[in-house]
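Here's the structure, in structure tokens; my notes come after.
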Number of protein chains: 2
Amino acid sequence: MRHFDELLEELRAKLLEMSGLVQSAIHKSALSLRERDLSLAESVLKGECRINQLELDIDALATSLLALEQPVAADLRFITAAAKINNNLERIGDLAQNIAERAQALLNEPRFDVRVDISQLADLVESMVQMALDSFVKKDPQQARRVLFSDDGVDALRDSVFAQLIDYMKKNSQAVEYCVDLMFAARSLERIADHATNIAESVLFMTEGVDVRHHAHAH
Amino acid sequence: MRHFDELLEELRAKLLEMSGLVQSAIHKSALSLRERDLSLAESVLKGECRINQLELDIDALATSLLALEQPVAADLRFITAAAKINNNLERIGDLAQNIAERAQALLNEPRFDVRVDISQLADLVESMVQMALDSFVKKDPQQARRVLFSDDGVDALRDSVFAQLIDYMKKNSQAVEYCVDLMFAARSLERIADHATNIAESVLFMTEGVDVRHHAHAH
């Protein structure tokens, strides 16, 4: 049986690899939507397998670490935070896949000139995930809190995107499928932001031992 | 510090309470949609708080149990399965809340006579959650497998609901908001089924020690 510290290092390394892959998946899926780029969408779908494998590996590592010996408080908080972040990353990977699938579908539909702020939404969400993962690596609770505060901006943009799409559908019945695809892509982006928030909450739990879940912007 | 078995019993009891509340939330939210019943929708929204509190309690209990002493293999698998199921139940609670919010929104919109199979979808999803939680209580891997197989039926029904709604929107531009609300309610139901599948996978992991995630219908 390997040493605790060695497994802990492996957990850290795999989580970093997973973070990198998931961030790239978000970036590519958003770009495939914006640029109507099929190869980017396909690359996201191909990358899903490795992300899923990493989730299983990290989960098994975390369970081994917990079973191997009684971790001290700080290690225990790190391992439980890592397990939760792992789970959130896997879901973000799934959502990036959903966006890539919508991008694929949109390429098979007649094109409409819908003016929506979806790129702006994607940029904000991407930066939230980046900030949340950074706050984990740097164990920085201030940065984690900034993620929590960004969530209001996401909700406002989501509302605006939805209103634009509903308005467009009402006026252009032939664009219904097209707008529905964009709507679900926007919804997936919003949910990625929710997972970024969860990651930030895990960082706060890890660094300060406080559980801020279910308390909007609580401290 | 309390005894391990006592905490384990408390974990079990709280998880059962949480299961009951979440099942009731699904049932009420689906009924509020079907019957256009505002008080049912409101009751789901009011119940959310207790579900969130239970999630935090169960999470804390699971962490204490893992930290308290090195659990034997079967207990460790039970505790990690319980923690995952807890997480899935909380998300199902959120999704039931989303459905209740859509039901509220629908009551504020002009009514349309859209014929969709959403009740059938709700019934199937409800039975999947019931089966998954039963398989956990009874530690019954056969029943857990039946949950995994039900997921195809959910996908087929979801496709049919979506096609019906898109068709209706194209023909009735004034019904766009109405159909979009129904669409997101159907999507929430589909996601509840995904969480039922996750719960069943945790049961298989707990009872047989196999990880069937990311392997569609494995074994």
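Give the residue, chosen from B:Asp155, B:Asp151, that is modelled with pLDDT under 95, assigned to a helix (DSSP H, G or I), touching a helix residue (DSSP H, G or I) at 6+ places or on another chain (Cβ under 6 Å) and surrounded by fewer than 24 Cβ atoms within 10 Å (Cβ to Cβ). Break it down into steps so the answer makes sense when it comes.
Details: B:Asp155 fails: touching a helix residue (DSSP H, G or I) at 6+ places or on another chain (Cβ under 6 Å).
Of the residues listed, the single one that is modelled with pLDDT under 95, assigned to a helix (DSSP H, G or I), touching a helix residue (DSSP H, G or I) at 6+ places or on another chain (Cβ under 6 Å) and surrounded by fewer than 24 Cβ atoms within 10 Å (Cβ to Cβ) is B:Asp151.
Scanning region A:60-85 for residues that are at pLDDT below 90 and within 20 Å of the chain's Cα centre (by Cα) yields a count of 1. On inspection, A:Ala163 fails the criterion of being over 19 Å from A:Phe78 (Cα atoms) and surrounded by 16 or more Cβ atoms within 10 Å (Cβ to Cβ). Within region A:6-19, residues that are surrounded by fewer than 17 Cβ atoms within 10 Å (Cβ to Cβ) sit with their Cβ atoms under 9 Å from residues that are aromatic (Phe, Trp, Tyr), at 6+ positions apart or across chains, in these pairs: A:Arg12/A:Phe78.
A count restricted to region A:33-46 and to residues that are modelled with pLDDT under 95 and either assigned to a helix (DSSP H, G or I) or polar (S, T, N, Q) (or both) stands at 3.
In this structure, A:Leu33 does satisfy being hydrophobic (A, V, I, L, M, F, W, C) and farther than 12 Å from A:Gly93 by Cβ. Is there a residue in region B:98-117 that is part of a helix (DSSP H, G or I) and aromatic (Phe, Trp, Tyr)? No, there is no match, as no residue in region B:98-117 is part of a helix (DSSP H, G or I) and aromatic (Phe, Trp, Tyr).
Could you check, for region B:70-89, whether at least one of its residues is of a type outside the set (A, V, I, L, M, F, W, C), surrounded by fewer than 16 Cβ atoms within 10 Å (Cβ to Cβ) and within 14 Å of chain A (Cβ to nearest Cβ)? Break it down into steps so the answer makes sense when it comes.
Residues of region B:70-89 that are of a type outside the set (A, V, I, L, M, F, W, C), as a first pass: B:70-71, B:75, B:77, B:80, B:84, B:86-88.
From what's left, surrounded by fewer than 16 Cβ atoms within 10 Å (Cβ to Cβ): B:70.
Add one more test, that the residue is within 14 Å of chain A (Cβ to nearest Cβ), and what stays is B:70.
Among the residues of region B:70-89, at least one is of a type outside the set (A, V, I, L, M, F, W, C), surrounded by fewer than 16 Cβ atoms within 10 Å (Cβ to Cβ) and within 14 Å of chain A (Cβ to nearest Cβ), which makes the answer yes.
If I filter region A:178-201 for residues that are facing chain B (nearest Cβ under 10 Å), modelled with pLDDT of 95 or more and closer than 18 Å to B:Asn172 by Cα, do I get at least one hit? Yes; the residues of region A:178-201 include at least one that is facing chain B (nearest Cβ under 10 Å), modelled with pLDDT of 95 or more and closer than 18 Å to B:Asn172 by Cα.
The values are calculated or read from the model by the stated rules, or taken from the named source; none is laboratory data. Remember, predicted model here, so these are calculated numbers, not experimental data. We place every Cβ from the backbone using ideal geometry, glycine too, and count neighbours over all the protein chains shown.
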